[in-house]
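Take a look at the structure below.
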Amino acid sequence: MVARVIPVDPFDLVVFGGTGDLARRKLLPALYHRMLGGQALPDSRIIAAARSDLDAGSFRHRVKEALRDHAAPEKLDPERLAAFLTTLDYVRVDAQGEDGWDSLFDRLKDSERMRVFYLSVAPQFFGPISERLATSGCRTPDTRLVVEKPLGRDLESARALNRQLATIFEERQIYRIDHYLGKETVQNLMALRFANALFEPIWNARHVDHVQITVAERVGVGGRGNYYDRNGALRDMMQNHLLQLLCLIAMEPPAHFEPDAVRDEKLKVLRSLKPLVGLGNVVRGQYRGINGEADYLEDVENPGSRTESFVAIKVEIANWRWNGTPFYLRTGKRLRARMSEIAVVFKDAPHSIFPESAGGTHPNVLAIRLQPDEGITLRLTIKEPGPGGMRLCEVPLDMTFAETLGAQGLSIPDAYERLVMDVIRGDQTLFMRDDEVEAAWRWIDPIIASAETTSERPQPYDSYSSGPEDALMLMHRDGRRWRALAA
Ligand code: NAD
């Protein structure tokens, strides 16, 4: 099978923060891969705008090094790399001052191409840069603005940011990135649900016992200790990535696969989340170093910190489809394995016709794996092969995308490749709308407020474990258990 690639029109993409970590590791490699794939044409321009005093030549040199580290090694063809580097330019711009804006305007003024401004900078610059884009004349009616998380740190600040951006750009021009939504499996979740007649009749509380959403990391806070400690797992992961995944699993079928139709349905899920009173259904934890590794408190250099590096929440959705089916969400650092997945656990078969000696049936589980090895697995109960009579066993029907698609000559693009191309194509389906971001904060703010005012400290858990004991209890008390954390 050959991937169908429709080339996009040439564009001007200005990356504010083009010398930063995100640009180096993700954004520029993604653009290089798309150019190799024939989707983004070489006569487009990528202009990095950042604070460092560089010229275009030294910026290109940096990007060449970055691609050596972060692009797929088999794709580092010298000729094509050189062609990519010629599309790059650099302008020194001060996000908060006057320096550089005239030069940026000069670079853009004669171009008729569609413009994208990608703000890969700290969020305090989102407002000032947007304003200067307007006053410097760089903004056109067709300009698109991309902003990275964090989108505020509570409802009030998210609203203020949305309002500020809305004075300069129309909502149709604003692309709020959540890179989890660009993952192939996440999009496949929508195909699985809405392109197959099989699942819809059983996608409800009558047939689904519960849903588990896990985003587990093995790494600790690393060099981001200071930043992380001001946010914690609730703000850094739960408010955005996990709630977005929850929306896609739980939403009603949209009437069309069209941005506002999809986002309207996601918004309805967020608005149907039962408010949590207190921390009864919330477990917070902080990792404890083992084998001489630092504790969370040492990593963030804040011995009194009450910020959580792990959180698990039991969430209920108050609507007809999901009433009575809990959704268990957990995310944390320094856990046993780096693993992100959504598992839909179906109810047991209503009646077993098999004798006890057959070993009993197992609930069906549909697991949608985001990382590592993106893919989908459906666990089924079958007869154990062989002449030993009727004995039941559980087997996975496994579709690992890398293997399945690899065998057909297709590769899985990184989330940023998909998302950047969507911006250029003008497709907002996988981007969060202003009201979605606000609804997510509205639900999570009281949880954060309870966490910040409780006298209880986050529960310690050993590094590389499954998280705090109470998180296991959150499931055990309902007669359920978490799926194993395994890479
Ligand atoms: P970084 O600190 O590595 O880079 C920041 C960039 O901003 C640099 O290019 C710097 O020159 C530029 N900059 C700083 N001050 C400036 C000023 N006054 N004027 C102009 N440019 C200025 O940051 P990063 O890790 O690349 O993150 C960028 C944004 O993306 C942040 O909002 C971050 O939260 C978000 N983000 C990052 C990642 C990641 O993996 N790094 C993931 C998700 C979201």
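Please treat every number below as a calculation from the coordinates, not as lab data. As the structure is a prediction and not an experimental result, all values here were calculated from the model. Note: ideal-geometry Cβ built from the backbone for every residue, glycine included; neighbour counts use all protein chains shown.
Charges were assigned to the Cβ only: +1 to each Lys and Arg, -1 to each Asp and Glu. The resulting dipole of segment 11-148 about its Cα centre is roughly 380 debye. I want to make sure I understand the PRE zone here: with the label point 7 angstrom from the Cα of GLU170 toward its beta carbon, which residues in segment 255-292 have backbone N atoms less than 20 Å away? Taking a point 7 Å out along Cα→Cβ of GLU170, the residues of segment 255-292 whose backbone N falls under 20 Å are 258-264. P(r) for segment 145-195: what percent of alpha-carbon pairs falls in each 10 Å bin, starting at zero? Reading upward from the zero bin: 22, 38, 27, 13.
The residue among VAL395, GLN96, MET238 whose Cα reaches farthest toward the positive pole of the charge dipole of the chain, with charges on the beta-carbon of Lys, Arg, Asp and Glu, is VAL395.
Over the chain, what is the mean sequence separation of C-alpha contacts under 8 Å (at least six apart), divided by residue count, expressed as relative contact order in percent? Answer for the chain is 17 percent.
Volume of the convex hull of the chain (Cα atoms only), normalised per residue: 175 Å³.
Derived scalar couplings between HN and Hα for segment 4-14 equal 7, 10, 9, x, 8, 5, x, 9, 10, 10, 9 Hz in order, rounded to whole Hz, by the Karplus curve 6.51 cos²θ - 1.76 cosθ + 1.60 (θ = phi - 60°), x for Gly and Pro.
Please report the antiparallel percentage of the DSSP beta bridges confined to the chain, to the nearest 5. Once the DSSP bridges in the chain are tallied, antiparallel ones form about 55 percent. In percent, rounded to a whole number, the relative contact order of segment 184-299 is 22, using alpha-carbon pairs under 8 Å and six or more apart. Near the amide H of LEU41, within less than 5 Å, lie the amide hydrogens of VAL8, all on another chain or at least 5 residues away, with H placed in the peptide plane. The protection proxy used here, the mean number of other Cβ atoms lying within 10 Å of each residue, ranks peptides 322-333, 361-372, 472-483 as follows, highest first: 322-333, 361-372, 472-483. Here's the picture: a label point sits 7 Å out from the Cα of ALA134 along the beta-carbon direction, and within segment 164-187 the residues with their amide nitrogen under 11 Å of it are 164-170.
Each Cα pair under 8 Å and six or more residues apart adds its separation to the average, and for segment 11-148 the resulting relative contact order is 31 percent. Considering only lysines 8 or more places apart in sequence, or on different chains, count the pairs in the chain whose C-alpha atoms sit under 20 Å apart. The number of close lysine pairs in the chain is 16.
Considering only SER455, TYR416, TRP443, the residue lying farthest towards the positive end of the dipole of segment 404-470 is TYR416, judged by Cα position with unit charges set on Cβ.
Compute the FRET efficiency between LYS64 and LYS347 as 1/(1 + (r/R0)^6), taking r as their Cβ-Cβ distance and R0 = 41 Å, and round to the nearest 0.05. About 0.15, to the nearest 0.05.
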